[in-house]
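To keep things clear, I will list the structure first and then write my remarks on it.
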Amino acid sequence: MGDIKILVDKCIGCKKCVSTCPFGAIVMEGKTAKILDNCSLCGACVSSCKFEAIDFTRDEVKPVDLSEYEGIWVFAEQKNNRAADVALELLGIASKLAADLETKVSAVIIGENVADNAKTLIAHGADEIYMIEDPALANFNDESYCDIMTQLITEYKPDIVLLGATAYGRSLAPRIASRLDTGLTADCTVLEIDPEEKILIQTRPAFGGNIMASIICPNHRPQMATVRPKVMKAIEPDFSRRGEVIRPQVNIPTNLNTKVLEVVSNLDSGINLADADVIVAAGRGIGEAKNLELINELADALGAAVAASRPLVDAGWIDYSHQVGQTGKTVAPKVYFAFGISGAIQHLAGMSTTDIIIAVNKDKEAPIFKIANYGIVGDVTEVLPAMIKACKERKNRG
Ligand SMILES: Cc1cc2nc3c(=O)[nH]c(=O)nc-3n(C[C@H](O)[C@H](O)[C@H](O)COP(=O)(O)OP(=O)(O)OC[C@H]3O[C@@H](n4cnc5c(N)ncnc54)[C@H](O)[C@@H]3O)c2cc1C
Ligand code: SF4
Ligand code: SF4
């Protein structure tokens, strides 16, 4: 990537660079600046030093023949041989990008018995499918899947590769990008094609969600991005679409450092947040852990899933699997009840595409009311029991 160092004979200890570094990677050691290991080599500090005391060299970019790369690939992750919904969502956005680039969309599916997914993937926008089936590939394994993806990308040279920002995709994508010496943008919320340059503009929240960063990968290929489940929308399936299934010859790695012994599903018996139509979410405003009982009771009465903001997870009141937001899950229910949630941008990042938001907050100025469709200014400990009672009465009336 490059190298950065402080030229100690030039540094006068003015500290200007310290506040410029967005990663907190510069500290003062006596009267000299020091660059820490978490430096991302972004280069932002260089121009802040009026004394030319920061020496920054980027590695030379090896030229890549961009014209050799074509098409948009979606890694169709699967569990129990069934393609995940996020793969269908990615095919939706890939189809739009492909229309702008006048190119085709391919899905890559790796597993043991995954052939049955071909129709679904084609119906959701894939023009062709690269299918790799082998008993050794039944379960996701970072090492073998990365090796195979790298072989395929090296041979077929796609211009863009999209993966879900799931546990699998988040592990796989950086390994592939690193092997291929290309860029990767994680957790994109918008993907579009620059109409002039015909390159992928990858937009994602940055610096704690306070700005939206648009990132490009102009010199390397493929352009790689991950997108969280529920962020993009799958297109309406068209089962009359026709597509080609390609079964490439690949070397299936055998000498692996890791072995999957067993796949254990999340044992949480509640309704899966990602699939829920109705979500009842609790924030710090519920006051104490025991008030989660009221949240659970309302969720039960509504047949809803339970979600929470991060402070409740940090406090150990509820498991992380319930956290919605930038560092939690992205959800897109029809109705989202927000009880005692202020509406911080990091929470909204996980639920703002909800159809109907109903917020309860005792502060009428709370930011959540800016995006809520319905708002109740009130104390959750009064509103929750009243809602539970009303739901139960309604249920009893049939
Ligand atoms: C990098 C980063 C990532 C983050 N990721 C996430 C994430 O994924 N998810 C997430 O949720 N947060 C995340 N956060 C934290 C986020 O910034 C907020 O701090 C958090 O969302 C606030 O949670 P809250 O709304 O429950 O609490 P608060 O902001 O404390 O709000 C509590 C609200 O409850 C109201 N209230 C208080 N008492 C009552 C009552 N009796 N009745 C009714 N209303 C009441 C208050 O008026 C207030 O609006 C992240 C932060 C950072 C920096
Ligand atoms: S801005 Fe330059 S001179 Fe000032 S502390 Fe940083 S490196 Fe040293
Ligand atoms: S290169 Fe970027 S991350 Fe590294 S010290 Fe400078 S500003 Fe900070």
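Please treat every number below as a calculation from the coordinates, not as lab data. The structure presented is a predicted model; accordingly, all values stated were derived computationally and were not measured. All Cβ positions, even for glycine, are placed from backbone atoms using ideal geometry, and neighbour counts span all protein chains on display.
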Worksheet item: For the subset of segment 24-41 comprising residues that are of a type outside the set (D, E, K, R) and exposed (fewer than 14 other Cβ atoms within 10 Å of the Cβ), which member is nearest to ligand 3 (Cβ to nearest atom)?
Response: Ser40
Worksheet item: Of all residues in segment 223-242 being outside any loop (DSSP other than H, G, I, E, B) and β-branched (Val, Ile, Thr), which is surrounded by the fewest Cβ atoms within 10 Å (Cβ to Cβ)?
Response: Thr226
Item to complete: Tell me, please, whether a residue that is of a type in the set (Gly, Ala, Ser), away from ligand 2 (no atom under 12 Å from the Cβ) and in a loop (DSSP other than H, G, I, E, B) can be found in segment 47-67.
Response: no
Practice prompt. Check off (1) near ligand 1 (Cβ under 8 Å from one of its atoms); (2) touching a Phe, Trp or Tyr at 6+ places or on another chain (Cβ under 9 Å) for Ile341 and give me the number that stays unchecked.
Written response: (2)
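Among Leu200, Leu256, which is the only one that is crowded, with 18+ Cβ neighbours inside 10 Å and either over 28 Å from Ser144 (Cα atoms) or not small (Gly, Ala, Ser) (or both)? If you could, list the steps in order and put the result at the bottom.
Working: Leu256 fails: crowded, with 18+ Cβ neighbours inside 10 Å.
Only one candidate passes the filter, namely Leu200.
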